[in-house]
Amino acid sequence: MKARHVRANGSTHPLPGAVARASFEHALDAMLLTDDGRHCTDANPAACSLLGLDYDELVSRRLDDFVPAEDRAALDASWQDFLERGHQNREFALVVAGGSRRTVESRATARVLPGCHLSVLRDITDRAAAEKARRTGEAYGFLSRVVEHVDEGLHVVDEERRICFVNPVAATMLGYGSSEELVGLPVHETIHHKAPGRIEFPRRGMPPPGCL
């Protein structure tokens, strides 16, 4: 039977603690409670889903376990700042079960109870990726407009060492009718396979990816 409170007029409603617990359990955002030592003491189902762990596994962890290795050095200072300010709103990466990363938007409140701190996390991985793609597209568009009009031959190579952009001057220098014919081709075989004197140019000696 659910605990209920009887009002003076005889009507009933759930006890405030029961309402708070139900709100915690059914919230769409992930909610974590931690102690002063950053140990997880409670979590709602959304938090378990976000982090990819069962409840019992999650409450045996520390927040540190979900922080990328490269960010852990700054964790103590960030936590101390949070405790002093009493709140913290920011975006950061979490390492979840399996080693994958999620970008979250965090709203944290210190001391919702003595020695107990609440973090509300919203997964914004897809939104962050879309925003990054938009910014990259804008930057690439600007770069394209600039380099298309320079008098030097330029090409851009991606991480797989394939040509992803060539300006018209470079295409003409390489004997192609248009820049589009070069996009997607491996840069080593297309441009750098011969050093001066027609000597084979080894892959390990190639310039790094980027704009050449």
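The values are calculated or read from the model by the stated rules, or taken from the named source; none is laboratory data. The model shown is predicted, which means the values in this text are computed figures rather than measured ones. Glycine also receives a Cβ, built like all others from the backbone with ideal geometry; neighbour counts cover every protein chain displayed.
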Cross-chain or 6+ apart pairs with Cβ under 8 Å, segment 168-187 first and modelled with pLDDT under 85, then among the basic types (Lys, Arg): 187/161; 187/162
Quick check on residue 153: is it assigned to a loop (DSSP other than H, G, I, E, B) and free of Cβ contacts under 8 Å to residues at least 60 places away in the same chain? yes
Test set (1) out of contact with any Leu (no Cβ under 8 Å at 6 or more places or on another chain); (2) assigned to a strand (DSSP E or B) - residue 112 fails condition number: (1)
Any residue that is closer than 30 Å to residue 82 by Cβ and either in contact (Cβ under 8 Å) with a residue 40 or more places away in the chain or in a helix (DSSP H, G or I) (or both) - is there at least one of those in segment 134-147? yes
Condition met for residue 164 (of a type outside the set (D, E, K, R), over 24 Å from the mean Cα position of the chain (by Cα) and modelled with pLDDT of 80 or more): yes
List the number of the failed condition for residue 31; all other conditions in (1) more than 26 Å from residue 131 (Cα to Cα); (2) in contact (Cβ under 8 Å) with a residue 60 or more places away in the chain hold. (1)
Output the number of residues of segment 22-54 satisfying the condition of being more than 22 Å from the chain's Cα centre (by Cα), surrounded by fewer than 14 Cβ atoms within 10 Å (Cβ to Cβ) and in a helix (DSSP H, G or I). 4
Within segment 62-78, can one find any residue that is of a type in the set (Ser, Thr, Tyr), closer than 20 Å to residue 109 by Cβ and either under 20 Å from the mean Cα position of the chain (by Cα) or assigned to a helix (DSSP H, G or I) (or both)? yes
Quick check, is residue 123 within 17 Å of the chain's Cα centre (by Cα) and either under 30 Å from residue 173 (Cα atoms) or surrounded by 11 or more Cβ atoms within 10 Å (Cβ to Cβ) (or both)? yes
For segment 105-120, which positions are crowded, with 16+ Cβ neighbours inside 10 Å and either free of Cβ contacts under 8 Å to residues at least 60 places away in the same chain or farther than 20 Å from residue 48 by Cα (or both)? 105, 106, 108, 110
